[in-house]
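Heads up: the structure comes next, in structure tokens.
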Amino acid sequence: MGKVVSQAAMSLDGFIAQHDNDIGTLFDFYDNGPVEIATAMPHLTFHVTEVTAAYLRSVMEGLGALVVGRTLFDVTNGWDGRHPFDVPVFVVTHEPPPHWGHDDAPFTFVTDGVAAAVEAARRVAGDRVVGVTAGTIASQCLRLGLLDEVCVDLVPVVLGEGRRYFEDSAAGAVLLGNPTTSIAGDRVTHLVFPVTRG
């Protein structure tokens, strides 16, 4: 089975979005370079630096499935049935949307919790990575011992408040290992930390 990995752009003070889910300048690095990275959505192409492009390509090539929460699903309108990274998406929700309208899309609504969603995603992903979104989903995975790595695209901005990468009550104090990846890009530093066990 592949790793379970959380990833998000994060401010220096630990936020991944404002309280209203606006990301502000956190994604500016996706459009500050000469290298084009196409996605599965024709209207969404990244323009990044060479070092960020190499990092993003490795992330995209290794990804096998995603586990997301209902809030992100709703904010993005379910990416109109096709995630930019073109992988199956498992949405953790209390109740599936009544009028989804994309029945042929590779989206599965999981109503029996994060652990069940991760298990289903791992079966589909095989040896590839299961990505989990930061915030509530990553916090629950950390608390349940399901998270293998924490990836942070650290952006040099202080938001002051908003939605945290990990909720305050995630799992008490958790000591991560030394970063296995540290790449300085333009207005972003890509960091990967292993989650140590025991």
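The values are calculated or read from the model by the stated rules, or taken from the named source; none is laboratory data. Everything quoted here is computed from the prediction, not taken from an experiment. Cβ atoms come from the backbone with ideal geometry, glycine included; neighbour counts cover every protein chain shown. Heavy atoms of the whole protein, side chains included, go into the accessibility calculation; ligands, DNA and RNA do not. Shrake-Rupley method; radii C 1.70, N 1.55, O 1.52, S 1.80 Å.
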Springs between alpha-carbon pairs under 10 angstrom, Gaussian network model over the chain: which of VAL152, VAL174, VAL132 fluctuates most? VAL174
Give, in nm to one decimal, the length gained when the segment between ARG187 and ASN32 is fully stretched (0.36 nm per residue of separation minus the Cα-Cα distance). 54.9 nm
Cα Rg, Dmax, the chain, angstrom units: 16.1, 45
If you bin the C-alpha pair distances of region 1-93 every 10 Å from 0, what whole percents do you get? 14, 43, 40, 4
Let me have the relative contact order for region 93-198, percent, based on Cα pairs under 8 Å that are six or more residues apart. 23
Taking protein heavy atoms only, a 1.4 Å probe, and rounding to whole percent, the accessible area of region 1-151 owed to carbon and sulfur comes out at 52
Keeping every protein chain present and rolling a 1.4 Å probe, give me the accessible area per residue for the chain in Å². 51
Between ARG57 and ASP13, how many nm apart are label points set 7 Å from Cα along the C-beta direction? 3.7
If contacts are Cα pairs under 8 angstrom and at least 6 residues apart, what is the relative contact order of the chain in percent? 31
Could you rank ARG123, ARG82 by how accessible they are, 1.4 Å probe, largest area first? ARG123, ARG82
